[in-house]
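Derivation of every value follows stated rules applied to the coordinates shown; laboratory data play no part. Bear in mind that the values here come from a model prediction, so they are computed numbers and not experimental data. Note: ideal-geometry Cβ built from the backbone for every residue, glycine included; neighbour counts use all protein chains shown.
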Amino acid sequence: MKRGREPLLYTLSSLSSFAVDAGLFYGLHLLFSAVLGVYAEPVCNLAARALSSFYNFNMNRLVFRSRGSYGKEVLKYYCLCIPQALVSTGLITLFVNLLSVENSAGATAVKVVIDGILFVISFFIQKFWVFREKKPAFDGKPEEKKQKKRTNQRSKGTEP
């Protein structure tokens, strides 16, 4: 169970974050699509992402049991989040136009597919870059290494 814990918790965290994101996107799109016209998808997606990303970052800190610097991790997270939001926005806008989607439910369905694919890629980037644990420089105790070195020097007759 230990091996599957992280992906499972990440999936649950991401699903809750996605519910916030998709709900905001749908609501904003429903309210503003008539006013924003062709700009509805990009504006609504970026606004929803901006609001849901802070929640997602803090949930993922818990998932990956992060003990690193909050400031450094939030900077790395947004170095991932911003390009990902731009890719998502571009792809959603492209497919909504290619498929001639004309309602908020259809635009949200396109968003679900695209963001689902990006979710998998994001897991690995967050695990191995954003919330990566640093490994110690050495495994043994410093005194053990010094002692071994002294013993080797004595046996060779090169001790200072």
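Tabulated results
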quantity: For the range 30-92: rounded, prolate or oblate by the Cα gyration tensor [a/c cutoff 1.5]; calculated: prolate
quantity: For Phe131, net neighbour charge (Lys/Arg +1, Asp/Glu -1) across residues whose Cβ lies under 9 Å away; calculated: +3
quantity: Surrounding net charge for Arg61, when Lys and Arg each add one and Asp and Glu each subtract one, Cβ distance under 14 Å; calculated: +3
